[in-house]
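Chemist: Structure provided below as structure tokens; questions to follow.
Here, each number is a calculation from the coordinates, and none is a lab measurement. These numbers were taken from a predicted model, which means no experiment stands behind them. Because the Cβ atoms are built from the backbone with ideal geometry, glycine has one as well, and the counts that use them run over all protein chains shown.
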Amino acid sequence: MKKHLKKIISVGIVLAVYALVIILVQTGALSRHYQSLLVPIGINVILAVSLNLTVGFLGELTLGHAGFMSVGAYAGCLFSIYCDLPTVIEFPLALIIGGVTAAVFGVIIGIPALRLKGDYLAIVTLAFGEIIRSVITNLDFLGGAGGLKGIAKYKSTASAFTTVFVVLVITVVVIRNLVKSRHGRAICSIRDNVIASESVGINVVFYKLLAFVMAAFFAGVAGVLYGHNLGILKPNTFDFNKSIEILVIVVLGGMGSITGSIISAIVITLLPEVLRGLDDYRLLIYAVVLIAMMLLNNNPKFTAFKENIKAKLRPGKKSAAESVNATVNVSETAAEKEAE
Amino acid sequence: MALLEVKNLGITFGGLHAVDDFSFNVEKGQLYGLIGPNGAGKTTVFNMLTGVYKPTAGGFTLDGENLTGRPPIEINRKGIARTFQNIRLFKDMSVIDNVKVGLHNGKNYTIAEGIFRLPRFFKEEKELDQRAMELLSVFGLEGERDVLASNLPYGKQRKLEIARALATNPKLLLLDEPAAGMNPNETAELMDTIRFVRDKFDMTILLIEHDMKLVSGICEEVSVLNFGQELAHGVTTEVLNDPKVITAYLGE
């Protein structure tokens with residue numbers, strides 16, 4: 001009964017957010033400038049939530065997310081340029097084609113790259129992103145450096161937002177459901193201790209690849225959404241900085257927290273625009289805010305404060321913060337014992 | 001035929017014979033001890049039995065099946081589970097999730113069934129919950145089901161590791177220094193738990209231990225390793241009184 005109530009509340013919140021934004025757009029209460037930010041926000045949420053699967057849940061640092069995004073974007077947008085189906089069929093197909101192409105690249109890159117650990121994997125995925133970008137720049141049928149033009153754009157802000165919102169909700173639900181299943185637990189166990197997960201019979205190679213490919217798929221889908229929003233794709237937008245931006249969102253929102261990624265994506269996308277009035281000081285303040293948020297997120301007192309609020313919102317469950325405090329001493333003495 | 005038959009097992013790292021020509025048999029239902037001074041090669045033997053290292057000589061069979069040099073995942077599925085000397089829990093996961101990872105291969109719902117929340121997902125997840133809680137209650141951990149594994153006190157972390165290993169439904173359980181870092185009370189409690197596990201799950205247990213009170217208290221037979229070679233083996237009380245063994249531990 002309680003579970004059902006929780007579900008109903010979640011669905012209610014999602015619908016309310018959607019309705020609120022649509023009302024704001026239709027009544028013109030939201031300025032054109034902010035309206036134009038709705039789709040980028042949605043795309044960044046999709047990118048962040050999917051990257052969180054590899055960085056947060058699998059625990060592998062990858063820096064090539066923009067690379068997968070570009071592969072998906074070009075594949076999906078090429079399809080919709082050369083295909084003449086009604087939009088209702090064509091657009092979802094383009095999304096799927098973009099996602100699947102990115103996923104195929106995920107498999108190709110993942111099989112050799114996932115043998116590497118930590119820094120090495122980060123460097124290889126970074127190199128992949130850069131290689132993809134320079135290959136696209138040099139391919140004429142993809143428009144080269146000038147960009148791929150003539151992509152059909154969304155008809156209105158409302159329809160664009162609706163499309164992105166639906167894809168966003170699907171992405172979040174799929175990734176959340178995956179994480180909260182036996183397969184997701186296997187992925188998290190690899191993050192926590194590879195040797196132990198092998199010892200209980202978890203197929204480490206398979207689950208690493210699964211997380212990596214799923215993340216690539218949704219990055220590709222986000223790319224297709226991006227292409228149809230601008231009507232043009234330029235290889236330079238998918239550079240190293242884009243990958244870093246997504247990574248910053250994930251780290252800031254908290255590794256392994258889907259809600260965190262969503263909130264953080266919204267904040268990070270809006271922040272530079274909100275600060276626009278400050279002109280030259282904009283980037284300075286942006287950086288300071290990032291540092292402040294990082295410090296705050298890693299502050300044990302702030303974490304305990306958050307846990308307390310969570311516990312108050314969910315009566316019945318024991319306050320996690322209390323049990324943390326109670327057991328910290330015990331595990332410390334245990335560690336000392338072991339050291340002896 | 002013994003459940004675990006180890007024959008002439010050996011491994012060399014460069015020129016070092018870490019374990020050399022080591023043989024022993026563990027019968028079904030037995031509590032078998034593997035003892036020896038530090039650096040004797042005990043954990044190396046465990047690592048070979050679980051596929052972490054590939055033996056360079058000899059081999060071993062479980063229930064008559066040769067598993068020498070197979071990868072860890074396969075060996076686990078064939079029925080050998082282990083714990084680690086330095087606890088390796090999934091520390092950022094809850095206590096119950098640690099056990100559920102151990103139960104992973106016992107369930108069959110696919111990735112798609114999980115993502116789309118089809119009926120088999122709910123049915124099998126419910127079974128997972130029940131089974132995990134059963135295992136936790138064996139170790140008195142049912143009250144801590146939602147606590148993060150890293151927040152458990154040390155003794156309970158050791159127990160959780162055993163519960164997780166049992167979740168894979170093994171025929172043979174390898175315990176690597178289960179009493180390390182425990183006080184005498186906790187050790188006594190652990191001895192009861194190990195005995196209880198053996199009786200309740202009809203388990204065969206091979207354990208490495210330095211605490212001679214625990215070894216003499218629960219092991220029926222022991223093998224002694226020294227510098228990678230077998231020093232003695234046989235009934236626990238006899239072996240522990242063997243002058244050779246005492247010398248190896250205490251010096252001349």
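Chemist: Using R₀ = 30 Å, calculate the FRET efficiency as 1/(1 + (r/R₀)^6) where r is the Cβ-Cβ separation of A:Arg282 and A:Ser257; round to 0.05. All intermediate terms of the calculation are to be shown ahead of the outcome.
Modeler: Values: r = 28 Å, r/R0 = 0.92.
That gives a FRET efficiency of 0.60.
Chemist: Okay, next question. Points 7 angstrom from Cα along the Cβ direction at A:Ser134 and B:Glu220: gap in nanometres?
Modeler: Calculated label separation equals 6.8 nm.
Chemist: Work from the charge dipole of the protein assembly as shown (Cβ charges, +1 for Lys and Arg, -1 for Asp and Glu, about the Cα centre) and give the residue of B:Leu225, A:Ser156, A:Val55 farthest towards its positive end.
Modeler: Final value for the positive-end residue is A:Ser156.
Chemist: How high is the relative contact order of chain B? Use alpha-carbon pairs under 8 Å, at least six apart in sequence, and give a whole percent.
Modeler: Numbers: 456 pairs, mean separation 68.7, N = 252.
Value for chain B: 27 percent.
Chemist: Further question on the same structure: Find out how many positive minus negative residues lie around B:Thr44, taking Lys and Arg as positive, Asp and Glu as negative, among other residues whose Cβ is under 15 Å from that of B:Thr44. Before the final figure, lay out each step's value.
Modeler: Details: positive: B:Lys42, B:Lys54, B:Arg82; negative: B:Asp20, B:Asp21, B:Asp176, B:Glu177, B:Glu230.
Local charge sum for B:Thr44: -2.
Chemist: Starting from the 7 Å offset along Cα-to-Cβ, what nm value, one decimal, do you get for the label separation of A:Val11 and A:Asn299?
Modeler: Each label point lies 7 Å from its Cα, and together they span 4.0 nm.
Chemist: Calculate, for A:Lys117 and A:Ile96, the FRET efficiency according to 1/(1 + (r/R0)^6) with r their C-beta to C-beta distance and R0 45 Å; round to the nearest 0.05. Walk me through the intermediate numbers first.
Modeler: Details: r = 32 Å, r/R0 = 0.72.
Here the calculated transfer efficiency is 0.90.
Chemist: Calculate the mean, over all residues of peptide B:104-114, of how many other protein chain Cβ atoms lie within 10 angstrom of the residue's Cβ.
Modeler: On the way: counts 11, 6, 2, 2, 1, 3, 2, 9, 0, 2, 8.
Mean shielding by partner chains, rounded to a whole number: 4.
Chemist: In whole Å, what is the distance between the alpha-carbon centres of the range B:1-70 and the range B:198-252?
Modeler: 15 Å
Chemist: Let me ask something else about it. Give me a comma-separated list of calculated 3J(HN,Hα) values for the range A:293-299, in order, Karplus coefficients 6.51, -1.76, 1.60 applied at θ = phi - 60°, integers in Hz, x for any Gly or Pro.
Modeler: In residue order, the calculated couplings are 5, 4, 4, 5, 5, 8, 7 Hz.
Chemist: Let me ask something additional. Along the range B:54-61, what does the Karplus equation 6.51 cos²θ - 1.76 cosθ + 1.60 (θ = phi - 60°) give for ³J(HN,Hα), rounded to whole Hz, x for Gly and Pro?
Modeler: 9, x, 9, 8, x, x, 8, 10
Chemist: Quick one: which residues, 5 or more positions from B:Val19 or on another chain, have an amide H under 5 Å from its amide H? H modelled 1.01 Å from N in the peptide plane, none for Pro or chain starts.
Modeler: For B:Val19, the qualifying residues are B:Ile11.
Chemist: Also, I was wondering about something else. How high is the FRET efficiency from A:Ile81 to A:Ile108, r the C-beta distance, R0 25 Å, rounded to 0.05?
Modeler: Values: r = 24 Å, r/R0 = 0.98.
In this case the efficiency is close to 0.55.
Chemist: Also: Pull up all non-local amide H partners of B:Asn226: gap of 5 or more, or a different chain, and H-to-H distance under 5 Å with H placed in the peptide plane.
Modeler: B:Leu231
Chemist: Within 10 Å of each Cβ of B:171-182, how many other protein chain Cβ atoms are there on average? Spell out each step's value before the answer.
Modeler: Details: counts 0, 0, 0, 1, 0, 0, 0, 0, 0, 2, 8, 2.
Partner Cβ neighbours, averaged per residue: 1.
Chemist: Further, regarding this structure: Pop out the ³J(HN,Hα) list for the range A:172-188 in order, Karplus 6.51 cos²θ - 1.76 cosθ + 1.60 with θ = phi - 60°, rounded to Hz; leave Gly and Pro as x.
Modeler: Couplings: 4, 5, 4, 5, 4, 5, 4, 5, 9, 9, 4, 5, x, 5, 4, 4, 5 Hz.
Chemist: Let me ask something additional. If contacts are Cα pairs under 8 angstrom and at least 6 residues apart, what is the relative contact order of the range A:70-205 in percent? Can you show the working numbers first?
Modeler: On the way: 69 pairs, mean separation 24.1, N = 136.
Over the range A:70-205, the number comes to 18 percent.
Chemist: Moving on. Explain nothing, just the number: dipole magnitude of the protein assembly as shown about its Cα centre with +1 on each Lys and Arg Cβ and -1 on each Asp and Glu Cβ, in debye rounded to the nearest 20.
Modeler: Details: 57 positive and 53 negative charges, 532 e Å.
Roughly 2560 debye, rounded to the nearest 20.
Chemist: About the Cα centre of the range B:94-252, how large is the charge dipole given +1 on each Lys and Arg Cβ and -1 on each Asp and Glu Cβ? Please answer in debye to the nearest 20.
Modeler: Taking the Cα centre of the range B:94-252 as origin, the dipole is about 700 debye.
Chemist: What residues have an amide H closer than 5 Å to that of B:Thr204, excluding those fewer than 5 places away on the same chain, when H is modeled at 1.01 Å from N in the peptide plane?
Modeler: Amide H neighbours of B:Thr204, under 5 Å, 5+ apart: B:Gly29, B:Leu173.
Chemist: Another one. What is the protein assembly as shown by shape, rounded, prolate or oblate, if you read a ≥ b ≥ c off the alpha carbon gyration tensor as root eigenvalues and call it rounded for a/c under 1.5, prolate for a/b larger than b/c, and oblate otherwise? Could the numbers behind the result be given before it?
Modeler: Numbers: a/c = 2.45, a/b = 2.00, b/c = 1.22.
Prolate is the answer for the protein assembly as shown, as a/c is 1.5 or above and a/b outweighs b/c.
Chemist: Can you give me the relative contact order of chain A as a percent, contacts being Cα pairs under 8 Å and 6 or more apart? Intermediate values should be presented prior to the final figure.
Modeler: Working: 439 pairs, mean separation 99.4, N = 340.
Over chain A, the number comes to 29 percent.
Chemist: So between B:Glu238 and B:Gln85, what do we pick up on full extension, going 0.36 nm a residue minus the alpha carbon distance?
Modeler: Numbers: separation 153, 0.36 × 153 = 55.08 nm, distance 2.65 nm.
That pair, B:Glu238 and B:Gln85, stretches by 52.4 nm at full extension.
Chemist: Now for a separate question. Give the distance, in whole Å, between the Cα centre of the range B:123-194 and the Cα centre of the range A:188-223.
Modeler: Their Cα centres are 26 Å away from one another.
Chemist: In degrees between 0 and 90, to the nearest 10, how far off the longest principal axis of chain A does helix A:320-339 point, with axes built from Cα atoms?
Modeler: Between helix and principal axis, roughly 70 degrees.
Chemist: Quick check: pseudo-label points 7 Å beyond the Cα along Cα→Cβ at B:Asp21 and A:Asn236, how many nm apart are they?
Modeler: Taking the two extended label points, one gets 7.3 nm.
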